[in-house]
1. Within region 48-62, which residues are at pLDDT 90 or above and over 18 Å from V38 (Cβ atoms)?
2. Quick check on region 37-65: of everything there that is over 19 Å from A94 (Cβ atoms) and part of a helix (DSSP H, G or I), which residue is least open to solvent (accessible area, probe 1.4 Å)?
3. For residues that are open to solvent by 50 Å² or more (accessible area, probe 1.4 Å), over 19 Å from D34 (Cα atoms) and part of a loop (DSSP other than H, G, I, E, B), tally how many sit in region 66-84.
4. Of the conditions (1) at pLDDT 90 or above; (2) in contact with a helix residue (DSSP H, G or I) (Cβ under 7 Å, 6 or more places away or on another chain); (3) surrounded by fewer than 17 Cβ atoms within 10 Å (Cβ to Cβ), L116 satisfies every one except a single condition; which number is it?
5. Restricting the first residue to region 84-103 and requiring it to be farther than 10 Å from G67 by Cα and of a type in the set (S, T, Y), which pairs with a second residue that is crowded, with 22+ Cβ neighbours inside 10 Å and modelled with pLDDT of 90 or more meet a Cβ separation below 7 Å and a spacing of at least six or different chains?
6. Condition (residue is among the polar types (S, T, N, Q), in a loop (DSSP other than H, G, I, E, B) and surrounded by fewer than 13 Cβ atoms within 10 Å (Cβ to Cβ)) applied to region 18-28: is it met by at least one residue?
Amino acid sequence: MSDARGVAWFRKPTPTPDDPNAGGTLNVAFQLLDRAVVAGGSEEAVLYDEHGALSHATLLELVAAFGGVLRGFGVVPGDRVVVELAAGQQAVVALLAVARVGAAAVGGRRTECAELR
């Protein structure tokens, strides 16, 4: 990524002569949820399924809580977490929580999922 001016870094880079983005960390959960809440979109509906809609703030709360559980079980960045994907909001929460802690979701089974907007 040669131009990082429009990027909201999870951890800001410490530029070196060889790499202007050295040490920087991007996080998909942060990009999708935290940025929206900070920008004032906390009550905007973002996740829809047969159970209804979740706002950015509610989804952030669920993802952060599940991320805390994962960290409590010792999950650290770079770990792989097996996630069985059930249909709906729980699958999205699980995947974003795994991403939030810096781990990778693996395994599981393919089913229909909620729509993320």
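1. Going residue by residue through region 48-62, those that are at pLDDT 90 or above are 53-62.
Once the filter is applied, which keeps residues that are at pLDDT 90 or above and over 18 Å from V38 (Cβ atoms), region 48-62 yields only A53.
2. Looking at residues that are over 19 Å from A94 (Cβ atoms) and part of a helix (DSSP H, G or I), I get V37.
3. Applying the first criterion (open to solvent by 50 Å² or more (accessible area, probe 1.4 Å)) to region 66-84 yields 66, 69, 71-73, 76-80, 82, 84.
Then drop every residue that is not over 19 Å from D34 (Cα atoms), which leaves 72-73, 76, 78-80, 82, 84.
Adding the requirement that they be part of a loop (DSSP other than H, G, I, E, B) leaves 73, 76, 78-79, 84.
The qualifying residues number 5.
4. Answer for L116: the failing condition is (1).
5. Every condition considered, no pair remains.
6. no
The values are calculated or read from the model by the stated rules, or taken from the named source; none is laboratory data. No experiment lies behind these values; they were computed from the predicted model shown. We place every Cβ from the backbone using ideal geometry, glycine too, and count neighbours over all the protein chains shown. Side chains are part of the model used for accessible areas, which takes the heavy atoms of the whole protein and leaves out ligands, DNA and RNA. Shrake-Rupley method; radii C 1.70, N 1.55, O 1.52, S 1.80 Å.
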